[in-house]
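Read-outs throughout are calculated quantities, based only on the coordinates presented, and are distinct from any laboratory measurement. Being a predicted model, the structure only gives us computed values, none of them experimental. So basically every Cβ, Gly included, is an ideal-geometry build from the backbone, and we count neighbours across all protein chains shown.
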Amino acid sequence: MTLLQPLQLRGLLLGNRIAVAAMSRMQANDDGSVSEDMPAYYARYAAEGAGLVITEAIATDDVAARAYWRQPCLSRDSHVEGWRRVVDAVHEAGGTVFAQLQHGGRLCEPGLNPSHLAASEGAASGSTWQTGIPNASAREATRQEIDAIVEGFAAAAARACAAGFDGIELHGARGYLLDQFLSASTNRRTDAYGGDLAGRLKLPLRVVRAVRGAVGRLPLSWNFSLYKMDDAAYQPPGGREEVQAIARELVAAGVDILHVTTRKLVRAEPWGEPLALTLAKAVGGTPVIGNGGLKTLEDAEAALDSTGCGMVSLARPWLANPDWLRRNQRGEDVLAYEPGMERRPLL
Ligand SMILES: Cc1cc2nc3c(=O)[nH]c(=O)nc-3n(C[C@H](O)[C@H](O)[C@H](O)COP(=O)(O)O)c2cc1C
């Protein structure tokens with residue numbers, strides 16, 4: 001199987017082409033530091049053969065970025081030491097690990113942060129993911145707050161480097177802050193950070209450049225989706241050309257891996273082909289990781305062929321089965337993911 005062959009990814013030698021996608025477990029210490037079980041939890045995926053482990057979303061600042069209670073952070077220098085234990089444990093297990101950095105924007109749990117900021121004023125529809133209460137109305141970030149958001153990402157990325165991570169992933173997907181700026185439905189700003197696609201891209205590109213500046217040549221992935229936690233059906237006004245332009249701009253600014261996350265990786269978008277394939281065509285030699293709805297090794301192998309991805313990631317199958325790869329290889333049954341499994345103890 002191609003999937004099980006080693007892969008050179010931006011200077012890293014991965015044992016295979018199967019990643020663990022980011023999964024928020026919300027079991028850090030109350031101050032955002034890494035809790036006792038997190039190093040062994042992440043190392044287990046490496047020991048079970050995952051070619052790449054991407055951490056859960058890590059908050060970049062204490063002002064407005066934390067999406068969930070007990071979400072881990074890289075907002076303070078004191079957070080570095082715990083993440084170093086995670087990185088060391090994954091490395092000792094023979095694995096490779098990226099830190100996923102996130103600003104929650106208007107999807108943050110109400111009352112968690114001193115400020116509740118978004119691209120534009122208003123509340124996400126429906127309820128929050130963690131506690132199930134109505135999403136709160138957010139305030140449009142000011143220009144000064146935008147500067148602070150960019151600095152937060154860069155500082156968190158520098159701390160991730162200090163902790164020894166092998167790469168960084170920016171959470172640009174699913175309706176969190178970077179995606180709120182990128183998407184026409186959530187960005188109704190009338191200043192330079194809104195309006196046409198160039199305006200909607202302004203903050204995401206500033207973040208990419210600042211993070212690239214902070215991490216040097218470390219691999220930098222962008223997690224991209226169309227669907228959002230509060231809007232499963234979003235389509236960009238410019239369709240195929242728009243998503244391709246976004247991908248090209250991100251790569252030109254310093255992203256060197258695209259992680260395309262969908263409900264179903266092989267499903268065609270309205271323009272007739274899977275999103276990952278559309279993006280892979282746009283960015284030429286840039287590696288693309290495809291995600292969404294894969295359940296078996298056979299699914300994943302077929303998706304590699306049909307979507308132009310060099311690698312796949314899975315989330316729910318790994319959550320329900322930390323030994324998902326070995327179970328598949330031995331032909332054993334795998335457990336199905338059930339909502340709420342993420343709240344179970346890490347080990
Ligand atoms: C419990 C849970 C937590 C998640 N947390 C994150 C996260 O922190 N960051 C992120 O980018 N995606 C997150 N996701 C989305 C997954 O990474 C993935 O894109 C999605 O589940 C689809 O992949 P799958 O079909 O393999 O599960 C989460 C998904 C689940 C089920």
Phi-based couplings in Hz for the stretch 279-284 (Karplus 6.51, -1.76, 1.60; Gly and Pro marked x) = 6, 4, 5, 6, 10, x
remark   = Ranking LEU250, LEU265, GLY239 by how far each Cα lies towards the positive end of the charge dipole of the stretch 215-270 (+1 on Lys and Arg Cβ, -1 on Asp and Glu Cβ), the top one is LEU265
Long-range HN-HN contacts of GLN100 with modeled amide H, under 5 Å = THR55, ILE58, GLU169
Distant-in-sequence amide H partners of ASN291 (H built 1.01 Å from N, under 5 Å) = VAL260, THR262, SER313
inquiry  = Under the rule a/c < 1.5 gives rounded, and otherwise a/b versus b/c splits prolate from oblate, where does the stretch 234-313 land using the Cα gyration tensor?
reply    = oblate
note = Projecting the Cα atoms of PRO72, TRP129, SER221 onto the charge dipole of the chain, where Lys and Arg contribute +1 and Asp and Glu -1 at Cβ, the residue farthest towards the positive end is SER221
request  = Please label the shape of the stretch 94-146 as rounded, prolate or oblate, based on the square roots a ≥ b ≥ c of the eigenvalues of the alpha-carbon gyration tensor (a/c under 1.5 means rounded; beyond that, a/b larger than b/c means prolate, else oblate).
outcome  = oblate
request  = Choose one of ALA192, ALA57, ALA47: the residue whose Cα lies farthest towards the positive end of the charge dipole of the chain (beta-carbon charges +1 Lys, Arg; -1 Asp, Glu; about the Cα centre).
outcome  = ALA192
Set of lysines near LYS295 by C-alpha distance (under 27 Å), chain-local residues within fewer than 8 positions excluded = LYS228, LYS264, LYS281
query = Applying the Karplus parametrisation 6.51 cos²θ - 1.76 cosθ + 1.60 with θ = phi - 60° to the phi angles of the stretch 293-302, what ³J(HN,Hα) value in whole Hz is obtained for each residue in order, glycine and proline being reported as x?
reply = x, 7, 10, 10, 4, 5, 3, 5, 5, 5
Backbone N under 15 Å from the ALA162 label point (7 Å along Cα→Cβ), restricted to the stretch 45-60 = 60
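Test of understanding: what is the full-extension gain from ASP191 to ARG143, defined as 0.36 nm times their sequence separation minus their Cα-Cα distance?
On the way: separation 48, 0.36 × 48 = 17.28 nm, distance 0.94 nm.
Extra length available between ASP191 and ARG143 comes to 16.3 nm.
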inquiry  = Mean-square fluctuation check for the chain, GNM, Cα pairs under 10 Å: which of VAL288, VAL266, VAL334 is largest?
reply    = VAL334
remark   = Here the gain from full extension of THR296 to ALA123, 0.36 nm per residue of separation minus their alpha-carbon distance, amounts to 58.5 nm
inquiry  = Based on alpha-carbon centroids, what's the gap between the stretch 189-217 and the stretch 64-85 in Å, whole number please?
reply    = 23
request  = Amide H neighbours of TYR68 under 5 Å, at least 5 residues apart or on other chains, H built in the peptide plane: list them.
outcome  = GLU109
inquiry  = Output wanted: per-residue J couplings in Hz (rounded whole) for the stretch 4-16, from phi through Karplus 6.51 cos²θ - 1.76 cosθ + 1.60, θ = phi - 60°, x for Gly and Pro.
reply    = 8, 7, x, 9, 8, 10, 6, x, 9, 9, 9, x, 7
note = Candidates ASP305, ASP62, ASP230; GNM for the chain (alpha-carbon contacts under 10 Å) flags as most fluctuating ASP305
task = Could you tell me whether the stretch 6-148 comes out rounded, prolate or oblate from its Cα gyration tensor? Rule is a ≥ b ≥ c as square roots of the eigenvalues, rounded for a/c under 1.5, then prolate if a/b exceeds b/c, otherwise oblate.
result = prolate
ask   = Comparing ALA154, ALA245, ALA118, which has the greatest mean-square fluctuation in the GNM of the chain with Cα pairs linked when under 10 Å apart?
value = ALA245
Whole-angstrom gap from the stretch 224-297 to the stretch 124-168, using each part's C-alpha centre = 21
key: Dipole magnitude of the chain about its Cα centre (Cβ charges: Lys, Arg +1; Asp, Glu -1), debye to nearest 20   = 360
remark   = The Kirkwood hydrodynamic radius of the chain, taken as the inverse of the mean 1/r over all distinct Cα pairs, in Å, comes to 19.9
inquiry  = Residues of the stretch 91-117 with the amide nitrogen closer than 13 Å to a label point 7 Å from the Cα of ALA136, along Cα-to-Cβ, please.
reply    = 105-117
task = Would you work out the charge dipole size for the stretch 77-177 about its Cα centre, treating the Cβ of every Lys and Arg as +1 and the Cβ of every Asp and Glu as -1, and quote it to the nearest 20 debye?
result = 220
The chain - mean residue ellipticity at 222 nm from DSSP helices (-39,500 (n - 2.57) per run, n ≥ 4, rounded to 500) = -10000 deg cm²/dmol
message = Which residues does the label zone of GLN8 cover in the stretch 46-66, counting backbone N under 20 Å from a point 7 Å along Cα→Cβ?
response = 51-52
